[in-house]
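Since the structure comes first, as structure tokens, the remarks are kept for the end.
The values are calculated or read from the model by the stated rules, or taken from the named source; none is laboratory data. Given the structure is predicted, the values throughout are model-derived calculations rather than measurements. All Cβ positions, even for glycine, are placed from backbone atoms using ideal geometry, and neighbour counts span all protein chains on display.
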Ligand code: IVH
């Protein structure tokens, strides 16, 4: 199938097709490798696989757990798991000069540095490959792992040994720390990629969509002989666990890496301040096309390790580093149609259907128009010539209209009823999104919610891909999450049996039931996230779980908070990052009778595990709730908060009788008075520092 069709897939269609292809390929793989009984000829297999690869390239979030990563997987079980000594994190992105200056300012504020203090950074090309962690003990290579979910990766030691054998990575080195995890990027040069694809094509083997996919596909081979035959390279640029000394700064660490024989990129520079960072960014950007490897931006890192340490992390990325991405690629084309899609929360998203156009190497035929206001603000009409852009993995967007081209005649009229279920479209005050009011009576919303419910970071039920959800909902098998856990019983009691439908069969049904059964015990935070409440992402779900501990306590507290302006409500908004807006969405969920029924119905079908107390460690403030008020002297508020949280304390914004410590500096006002009247423990900053050990 052609590129154009892939480019025109909506994320929704892509997900459905990828899951269908994946199921097919997995079945064919098993038949071929384990049963030695190929179900299809090679060219059918290859074209399905190529199509899946192309879809995954355009929608990288679909690439997880895909058989494309395990070409010809001969072993059923895959790689062993490795827990990283220190998690492998991702980076925040910067897109504009202002973002970069703000990055520098944020650091200055966080560390309370004077305005004339120069901050030294290291700027490095952001290599477009896959990250790897190489563990050395006493200077000898012991293990290699992919990033995986950041905490746990796949054991690719045998495969990395093939790079060691070729002299691309040292086996051992002198003057080494006792333990060091060296992190870097495995990549394939453009030249190696072209040569590999040519050889693959000649041999009638699968070709790769780009160097990154080729590198990933080559490293994640269960048969290391295949990895050995592939031209992979490494750039080392960071470290994980360390027992020993590697210098006082990132630059010194990079010098060590070079001295130990690791390949370190030659366009890495130390830059003093944002201006120099931006200069180097421009220089790298200008030379980008001439590099023999793909890069997608420049990474900036604070050079001093002591500062890195103090800056720490926000959820999954360090405060001391950022990835400055190269600008989005743009093109102009004609807007042919505007279609409305209905999402999980009923939000109606206008999608532009475009005359297919090549945007930086990818053919784009659909793009998002975000919402009704955006269409109006941009003055976009069907028939206009528009500018579209895509950057990295994000969905292409319509940026605006090309004014001097022939214009469409009529303004787009946003529908007053839902295109899927016909319910009224409503717009809450102060909100941009218009929503279908049909709730769970809207087929699109039901399916999207179930999709979210079974997704990887929620219930993670394998075998409930988009296509199957579509089938099960349309056929009346499931409507609400709880029905998933009743499916097996329903199937054995009803007149119709799932096994008898086309495309199902005994094995597939048994596998699905096993996958469902495997998930009927779930952590509270996943459970909360799975509900798909607006604005409640993974981080918020985790905070709620840690705050309330048990499902029952969370449920009862939310119901108690619904009338607002009471203790339960104040307790809810005292949780970090939960303000009136997020609280409003949570309580709106609980205020709906049908949601509560669905929630209780679900809770009856499964076991919800209590949340773990925050960082149970031996920190004296672990699990305690702390309020900072007034001025702090030794560190900024942000640093104090981050430090307290890293010790397992909960930093909350307002004082209540549940507050364990109030740390009051000069100028503390009403919070201090309140703390005193409640008889809480009030500490000076110094006493607090003594409590947490300096
Ligand atoms: S530093 C804690 N440096 O980009 C920070 N990452 O978006 C660790 N990457 O997962 C990453 N080039 O795979 C760093 N010079 C570079 C990089 C780089 C590419 C990748 C890496 C990381 C991703 C984050």
With criteria (1) more than 16 Å from the ligand (Cβ to nearest atom); (2) assigned to a loop (DSSP other than H, G, I, E, B); (3) surrounded by 15 or more Cβ atoms within 10 Å (Cβ to Cβ), residue 226 comes up short on (2)
Does region 287-295 contain any residue that is within 11 Å of the ligand (Cβ to nearest atom), touching a residue at least 60 places away in the same chain (Cβ under 8 Å) and in a strand (DSSP E or B)? yes
Does residue 368 meet the test of being more than 16 Å from the ligand (Cβ to nearest atom), at pLDDT below 90 and within 30 Å of residue 430 (Cα to Cα)? no
Take region 28-48 and flag every residue that is assigned to a helix (DSSP H, G or I), at pLDDT 60 or above and out of contact with any helix residue (DSSP H, G or I) (no Cβ under 9 Å at 6 or more places or on another chain). 30, 46, 47
Just give me the residues in region 82-98 being in a loop (DSSP other than H, G, I, E, B) and either surrounded by fewer than 16 Cβ atoms within 10 Å (Cβ to Cβ) or more than 8 Å from the ligand (Cβ to nearest atom) (or both), in sequence order. 84, 85, 86, 87, 90, 92, 95, 96
If I filter region 312-333 down to residues being modelled with pLDDT of 95 or more and not in a strand (DSSP E or B), which single residue comes out as nearest to the chain's Cα centre (by Cα)? 319
I need the full set of residues from region 262-286 which are closer than 22 Å to residue 186 by Cβ and in a loop (DSSP other than H, G, I, E, B), in order please. 262, 263, 264, 265, 266, 267, 268
For residue 220, all conditions in the list (1) closer than 24 Å to residue 136 by Cα; (2) more than 16 Å from the ligand (Cβ to nearest atom) hold save one; what is the number of the exception? (2)
Would you confirm whether any residue within region 162-181 is closer than 25 Å to residue 258 by Cβ, modelled with pLDDT of 95 or more, surrounded by 19 or more Cβ atoms within 10 Å (Cβ to Cβ) and within 12 Å of the ligand (Cβ to nearest atom)? yes
Hits in region 229-253 (condition: surrounded by fewer than 19 Cβ atoms within 10 Å (Cβ to Cβ), within 16 Å of residue 177 (Cβ to Cβ) and without any contact (Cβ under 8 Å) to a residue 60 or more places away in the chain): 247, 248, 252
Residue 259: passes all of (1) part of a helix (DSSP H, G or I); (2) modelled with pLDDT under 95 but (2)
Regarding region 107-125, can at least one residue be identified that is within 16 Å of the ligand (Cβ to nearest atom) and at pLDDT below 95? no
Just wondering, is there one or more residues in region 322-336 that are crowded, with 22+ Cβ neighbours inside 10 Å and within 16 Å of the ligand (Cβ to nearest atom)? yes
I need a count of the residues in region 537-575 that are more than 17 Å from residue 596 (Cβ to Cβ), under 25 Å from the mean Cα position of the chain (by Cα) and part of a helix (DSSP H, G or I). 9
If we keep only residues of region 126-141 that are away from the ligand (no atom under 13 Å from the Cβ) and in contact with a helix residue (DSSP H, G or I) (Cβ under 8 Å, 6 or more places away or on another chain), then the residue farthest from residue 297 (Cα to Cα) is 141
